[in-house]
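The values are calculated or read from the model by the stated rules, or taken from the named source; none is laboratory data. All of these numbers come straight from a predicted model, not from anything done at the bench. Positions of Cβ are backbone-derived with ideal geometry, glycine not excepted, and every protein chain shown enters the neighbour counts. Calculation scope for accessible area: heavy atoms of the full protein, side chains included, ligands and nucleic acids excluded. Shrake-Rupley method; radii C 1.70, N 1.55, O 1.52, S 1.80 Å.
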Amino acid sequence: MFTQTVFVVFLGAFIRHIVGDYHDPNIIIMLMDDMGWGDLGVFGEPSKETPHLDKMAAQGMLFPNFYSGNPLCSPSYTPQEMVGGISADEILLPELLKKKNYLSKIHGFDEWFGAPNCHFGPYNDSSRPNIPLYNNSDMTGRYYEEFEINVKTGESNLTQIYLKEGLDFISQQADAQNPFFLYWAPDATHAPVYASKPFLGKSQRGRYGDAVMELDDCVGQILDRLVSLGIQNNTIVFFTSDNGAALMSGPLQSGSNGPFLCGKETTFEGGMREPAIAWWPGRIPAGTVSQQLASVMDLFSTSLAVAGLPPPDDRIIDGLDLSPVLFNSSLLDRPIFYYRGNQMMAVRIGQYKAHYWTWSNSLEEFNKGINFCPGQEVPGVTTHSQVEHTLLPLIFHSKQYQDILPLLRAVVEQHQKLLVPGIPQLNICDLAVMNWSPAGCEKLGKCLKAPESQPWQCDWPH
């Protein structure tokens, strides 16, 4: 009996592995929230509390020059009162992957578990409701209510819930031999940071470090699940963060941006340079470090290329296909543009960066004790007003930089000529659109009465 059981188990794993490799590659994108470049051991964090991410880097490709598209977590985690969101004209990645029969677990597609906003709160349900979490199209509870977060102790089981959802989805699709796309975006490292009980108090870095340790453990479990299912050689995994560490939240509620200036909400390096690792055993050379300038926007084009799909041809796609970098260790010649809202603040080409505008945060916020660059102020650079340097970009005024300045200017001018004005998506606010009565609230008895609609022009102090 024992022999037969072992034979069946191993035969099933063998068949799954062989058959699974014939469908298009699975794609997993792990996007952390407010995790900084310097939070990983592989990037020099001295406490070395990310063994699984460090192992992932050792088995894959590390990107020291990877950037977010914006220095704050918009539009995914906008305030509740914002009217609108992603334009209906946009084509989202899961929609295109459907052409190759991919099943997706992400906001609003085949499966969804999560929230439309970050875990801000707790709120009192009279002037502002707590944010709901959804299981597919129906609300399944609210932060701080059914999904508890103890702000005082930092204890919450949310990361473990998100982990289980991800692992179950992977196993189900592997059993069905479906190609899948999983977007896994836990928010434990966004203030107020949280961790489950087994991780609280474990880190040398305080509560934020506890959250990082738990996320690192989750990454390890997800990669181990791929290996145990025999689908690791047919799955690409990309790990990164949405913006730099939120230094304004204080040392116990924020991470490290390593050697880089300032943090979240700025276009200095600490605000937009992110930790990034690509992992695909047998395809991406293990233990490699790519100096490619890359952006989170590249994950759209790269995912399509991996799936064997062309990008849409009716619009300009900002991201590049990183396949030559991942599989051939090539380097693509491209600039990185640093935007804050609609304003291009800076540009990087190769090792050169020029600031066309500088600004940390407003003097009004600064005088209230909010500092985006604590202990890192540089006179004339980390300004509290928007200072324009278009005629003479803020760079080191050595001969080497002066020689490169004409190239920088030409690239910026060409970029600005090709810009197509977009329709504003997040500039109208209305308390009536907040999460008062989400779909499914009636089943839980959690529907709340919304106030009368009184829209206004949003104020963005960032």
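Which one of G244, G220 is touching a Lys or Arg at 6+ places or on another chain (Cβ under 7 Å), at pLDDT 95 or above and closer than 26 Å to H190 by Cβ? Let's see the steps before the verdict.
On the way: G220 fails: touching a Lys or Arg at 6+ places or on another chain (Cβ under 7 Å).
The match here is G244.
For the stretch 285-317: of the residues being under 19 Å from the mean Cα position of the chain (by Cα) and of a type in the set (S, T, Y), which is surrounded by the fewest Cβ atoms within 10 Å (Cβ to Cβ)? Checking each candidate, the answer is S301. Against the test of being of a type in the set (D, E) and more than 30 Å from G287 (Cβ to Cβ), the options D333, D313 yield a single qualifying residue, D313.
For the subset of the stretch 331-349 comprising residues that are in a loop (DSSP other than H, G, I, E, B) and in contact (Cβ under 8 Å) with a residue 12 or more places away in the chain, which member is most open to solvent (accessible area, probe 1.4 Å)? Working first, answer last.
Residues of the stretch 331-349 in a loop (DSSP other than H, G, I, E, B): 331-334, 341-342.
Retained after the next criterion (residues that are in contact (Cβ under 8 Å) with a residue 12 or more places away in the chain): 331-332, 334, 341.
Values: L331: 121, L332: 54, R334: 26, G341: 54 Å².
The residue in question is L331.
Reported count of residues in the stretch 205-225, each being open to solvent by 10 Å² or more (accessible area, probe 1.4 Å) and within 19 Å of K152 (Cα to Cα), is 3. Annotation note: Cβ proximity below 8 Å between a residue of the stretch 181-203 that is in contact (Cβ under 8 Å) with a residue 12 or more places away in the chain and hydroxyl-bearing (S, T, Y) and a residue that is assigned to a strand (DSSP E or B) and open to solvent by 40 Å² or more (accessible area, probe 1.4 Å) (sequence gap 6+ or interchain) occurs for Y194/E155; S196/E155.
If you go through the stretch 25-44 one residue at a time, do you hit one that is β-branched (V, I, T), at pLDDT below 95 and open to solvent by 40 Å² or more (accessible area, probe 1.4 Å)?
Narrowing the stretch 25-44 to residues β-branched (V, I, T): 27-29, 42.
Those left that are additionally at pLDDT below 95: none.
No, because not a single residue in the stretch 25-44 is β-branched (V, I, T), at pLDDT below 95 and open to solvent by 40 Å² or more (accessible area, probe 1.4 Å).
On the stretch given as the stretch 245-274, residues that are over 14 Å from D39 (Cβ atoms), part of a loop (DSSP other than H, G, I, E, B) and under 15 Å from the mean Cα position of the chain (by Cα) total 1. Specify which of the listed residues (K443, K449) is among the basic types (K, R), over 13 Å from V83 (Cβ atoms) and not in a helix (DSSP H, G or I). Exactly one residue qualifies, and that residue is K449. Restricting P198, P192 to those that are open to solvent by 10 Å² or more (accessible area, probe 1.4 Å) and part of a helix (DSSP H, G or I) reduces the list to P198. If we scan the stretch 383-400, do we find a residue that is of a type in the set (A, V, I, L, M, F, W, C), part of a loop (DSSP other than H, G, I, E, B), under 30 Å from D138 (Cβ atoms) and more than 29 Å from the chain's Cα centre (by Cα)? No, the stretch 383-400 has no match at all.
Checking the structure you have, find out if any residue of the stretch 235-251 is more than 22 Å from A354 (Cα to Cα), surrounded by fewer than 24 Cβ atoms within 10 Å (Cβ to Cβ), among the β-branched types (V, I, T) and out of contact with any His (no Cβ under 6 Å at 6 or more places or on another chain). Yes, some residue in the stretch 235-251 is more than 22 Å from A354 (Cα to Cα), surrounded by fewer than 24 Cβ atoms within 10 Å (Cβ to Cβ), among the β-branched types (V, I, T) and out of contact with any His (no Cβ under 6 Å at 6 or more places or on another chain). Output yes when any residue across the stretch 410-422 is open to solvent by less than 70 Å² (accessible area, probe 1.4 Å) and part of a loop (DSSP other than H, G, I, E, B), and no when none is. Yes, because at least one residue in the stretch 410-422 is open to solvent by less than 70 Å² (accessible area, probe 1.4 Å) and part of a loop (DSSP other than H, G, I, E, B).
Looking across the stretch 157-174, the residues that are over 23 Å from P438 (Cβ atoms), open to solvent by 20 Å² or more (accessible area, probe 1.4 Å) and touching a residue at least 12 places away in the same chain (Cβ under 8 Å) come down to Q160, S171.
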